[in-house]
Structure formats: C-alpha cells, structure tokens
Amino acid sequence: MNKENAPFRNSDGKGWEDHGPRNLSRDQENPDILVPPATDNGTMSNMRFSFSDAHNRLEEGGWAREVTNRELPISQDVAGVNMSLEPGAYRELHWHKEAEWGYMLYGNARVTAIDEKGRSFIDDVQEGDLWNFEEGIPHSIQALDKGCEFLLVFSDANFSENKTLLLSDWLAHTPKDIVAANFKKSTEEIESFPKKQKYIFKGEVPGPISEVKRFNSNGDVPDPFTYHLSQKAPTVDSEAGKVWIVDQSVFPIAKTISGAFVEVEPGGMRELHWHPYSSEWQYYVQGTAKMTIFNSNSLARTFDFKAGDVGYVPSVAGHYVLNTGDEPLRFIEVFKTADYADISLNKWLATTPSQIVADHLNISKEFAESLPDPEGPAPVIWYDESKDDKFNW
Ligand code: MN
Ligand code: MN
C-alpha cells in the first residue's frame, strides 16, 4: 500500500490509502486531523476556525473579518475581529455594548476615547501594543504612516463588527432639525453630514499628538486605555520560550478581558495546563502548532494551527501547545476574566506529596520527586520529537 499522504498511522498500523476525492492541501495542513494520535478519543466539537475562511468586509481604506460563535459555535465567551487600515484610514467613531480588547499585529495607529465622566484619552500604539475599551465607551482608531492591522476581541461571542453604533449612522437616522438643534446650527449648516454610515474610510495621516488640538475640560482618564506591551519584559523567560501576561494587575482599565502572549522556540512546548475560571480563545500570530484538548469522559482531540487561525479550549479542559515548525511560534491566549489564571500539571504534581504521585502514576517515590517544579505561570518547556507518533509526510 502507498502510505504517502495516506490516513495511515505508523504506531498501530490503523488506516488505509485515500483514493479521493480529497482536498490534499487541506489534508496536509491538518496532519493531526487526518491521522489523529492514537490517544485522541470520542466526539469533541470543532475547536478551530481560520480567519482565512471568514467573510471579509472590504471598504475604501481597509477591511475587516470576524470569527464569532457563528463561525466557531463552541466558543461562547468572546468573538474576534481582524482588521486592517491603510495609512490615514479610520475605523470611525463608534461604541458598542461589548468590551473591546485590541492587539496591534502590524504598523501603527492612533486611538481616541472618552469615559463616562467626560475624561478623554488619546494615544499612539505600534506593533505589539494593546488597547482596551470597556462596554459603552466611544472610541476611534486611525492608522498612522505605516498603516495597521490588529486583532480585536469582544466580550460576547455573538458580537458582530457590523452591528456597532456609529456616529455617522446615528446622525443619518435622527431627524435633521433635531441634529441641527443639538449642535446649535441650522439644517443648512449640517447639510454635508453623511447620509449613511462610514465605518472604514480614508483619511490623511495626522501630525504628532502634541500638535493635536482638543478640548479636555474634564482632564484625562485616570488609567490609560492602552498598554505598551511592545516595551515590556516577559513574565516568564525560559530557553524554550517566553510568556507575557497582561491582566488588570498591570493594565487596570481592562476589567473584562485578559491575555497571555506566548512565544515558543522550535521544539518548545507550552506545557500541560488548564485555566480554572474561563475558556481560552487563541489567535495564532506566527508559525505552526498542534494542540490536544482533553476533557472529561476520556475526550481528547488534536488540532493543527497556522498563523491567522483561531483556537479554542473549553474552561478547565487540559491542553498543551507544541511548536511544530522551524520558526518561533507566537500565539495569544485570551480570557474573559479580569485576572489571568492557570494551573500547571507539573506544578500540581511537584507540590503533591511524592508518595501520592508515585501511587497514582505507578512510579517510584524518587521518580516522583524528580518531576520538574516550574516557576511562575505555566511556562514553556522542551519537547522530545523522537517520541512523536509520526504521521506520513
Ligand atoms: Mn470598537
Ligand atoms: Mn492555556
């Protein structure tokens, strides 16, 4: 039999040839779905959706696409949007009932907002930086000289980027004399107001913030709505990779959503762990990975990921993330909790009396005592590829 590209597992000889029809490039992108590890078991929902399979809304000056629970039904906590703006282009002044947590993937942008006390905020962000707008806070995003691309995460899985409340949309759907009276102008003076929503539109790249004129009678917001993660040292720094944790302990304005930014070297692995309070919504920024999700009733399923994919882990489900490529893997873990929390398998076993661990795992006490005791939030460790359950390409 021809085992090349076939759904055939070397370790136990299960499977056979695939004579088609088949989408070979997709099969090859998903080696652990075509040939699951023998340890996978049971029927588990799909835990992955790629932004490449999401509808893209093209506008003059940019685009936006979303992965919500319409695309990934298992995800019930948050939704994600991937958006890009050319230099000077705007995502127009708007607001929504969901909290918004944003991460700059490329380029630079200027964000503005005010809070419910009329205090204002303006800041420039670059690749690797974050912003956060809690529910109902009005804001805008404008690309600077490089243009920009960013990931947005919203605190409702049903969210749609096409259902926000927009300045232009509101005024276009309010009687003209009311709008005029509101601004103490005549209806002729507001004739140029847009007749429908602008959403994304072209603009000029603005000058530096120091030259921007603005009324700021109530002062600035007490806690910034941005977090310059690009300039921060990692929370965990090991040979196999790094982790940056961003939650309300360092970014106090982010009261709804927290995140971990993970970098894993080739051969490195985000170790076995789970999160006690929240599901995990992932976005893959760079490289390739595989993840096995374990849940009760012996359920286990393995997925493969590439840059641009979204992954999902149900609350308390065990998982690891392995870098399967030859470049650093970068991904983001997002949680709908103000505080980041995880429980490390290694830490758990290392801090449990060694006789108890020995009795559970059929090992000696000495072996149990030799299990690693990681420091800090579940870090990244090395993976021994020679023990992999090989697939056939
Ligand atoms: Mn928004
Ligand atoms: Mn995790």
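The values are calculated or read from the model by the stated rules, or taken from the named source; none is laboratory data. Source: prediction; values computed, not measured. Every residue, glycine among them, receives a Cβ derived from its backbone with ideal geometry; neighbour counts consider all protein chains shown. Please note that ligands, DNA and RNA were not included when accessible areas were found on the heavy atoms of the full protein model with its side chains. Shrake-Rupley method; radii C 1.70, N 1.55, O 1.52, S 1.80 Å.
Observations on the structure shown:
- Using a Gaussian network model of the chain in which every pair of alpha carbons under 10 angstrom is joined by a spring, one finds that among D12, D40, D27 the greatest mean-square fluctuation is at D12.
- Between S11 and R57, the modelled label-to-label distance comes to 4.4 nm, taking each label 7 Å out from Cα in the direction of the beta carbon.
- Highest-MSF residue in the chain out of A172, A143, A358 [GNM, Cα springs under 10 Å]: A358
- FRET efficiency, 1/(1 + (r/R0)^6) with R0 51 Å, evaluated for K97 and S370 via beta carbons: 0.50
- For W16, the solvent-accessible surface computed with a 1.4 Å probe is close to 150 Å², ligands and nucleic acids excluded.
- Over every Cα atom in the range 231-382, the radius of gyration and the widest Cα-Cα span, Dmax, amount to 15.7, 49 Å.
- Rounded, prolate or oblate (a/c below 1.5 giving rounded, otherwise prolate when a/b exceeds b/c) for the range 155-206 by Cα gyration tensor: oblate
- Only helices enter this figure: runs of n ≥ 4 DSSP H residues, each worth -39500 (n - 2.57), summed and divided by the residues of the chain, yield -2500 deg cm²/dmol at 222 nm to the nearest 500.
- For the chain, relative contact order (Cα pairs under 8 Å, six or more residues apart, normalised by length) works out to 18 percent.
- With the alpha-carbon atoms of the range 106-255 aligned to their principal axes, the span from lowest to highest coordinate is 66, 38, 31 Å, starting with the largest.
- Cα centroid separation, the range 104-167 to the range 1-55 (Å): 38
- Cut-off of 10 Å, at most 13 other beta carbons, DSSP loop: longest stretch of the chain lacking such GluC sites (Glu not before Pro): 240-374
- Couplings for the range 328-343, taken from phi via the Karplus curve 6.51 cos²θ - 1.76 cosθ + 1.60 with θ = phi - 60°, read x, 8, 10, 8, 10, 9, 10, 10, 8, 9, 6, 10, 6, 8, 8, 10 Hz in order; Gly and Pro are left as x.
- Nearest-0.05 FRET efficiency for T174 and E211, computed from C-beta distance (R0 35 Å): 0.60
- Karplus 3J(HN,Hα) series, Hz, for the range 172-182 with 6.51 cos²θ - 1.76 cosθ + 1.60 (x for Gly, Pro): 6, 10, 10, x, 4, 5, 5, 4, 4, 4, 4
- Look at the alpha carbon pairs under 8 Å that are at least 6 residues apart: their mean separation over the length of the range 231-382 gives a relative contact order of 31 percent.
- Here the chain is treated with +1 on each Lys and Arg Cβ and -1 on each Asp and Glu Cβ, and its dipole about the Cα centre works out to around 1000 debye.
- Mean accessible surface per residue for the chain, computed with a 1.4 Å probe while every protein chain stays in place, in Å²: 49
- In the range 285-393, taking the dipole from charged Cβ atoms about the Cα centre, the farthest positive-side position among L299, V380, G318 is held by L299.
- Net charge dipole, the range 231-382: roughly 460 debye, given to the nearest 20, about the Cα centre with Cβ charges of +1 for Lys and Arg and -1 for Asp and Glu.
- On the beta carbon distance between D223 and T352, with R0 = 51 Å, the FRET formula returns roughly 0.85.
- With every protein chain in place, the chain: carbon and sulfur % of accessible area (1.4 Å): 52
- Rel. contact order, % - alpha carbon contacts under 8 angstrom, at least six apart, the range 281-371: 29
- When the C-alpha to C-alpha distance is required to be over 21 Å, the pairs from K202/K255; K97/K117; K97/K306; K97/K163; K146/K242; K117/K255 that qualify are K202/K255; K97/K306; K146/K242.
- For the range 130-141, Karplus couplings with θ = phi - 60° (6.51, -1.76, 1.60), whole Hz, Gly/Pro x: 10, 9, 8, 10, 5, 4, x, 7, x, 7, 9, 9
- For the chain, modelled as a GNM whose springs connect Cα atoms under 10 angstrom apart, the maximal fluctuation among T68, T302, T235 occurs at T235.
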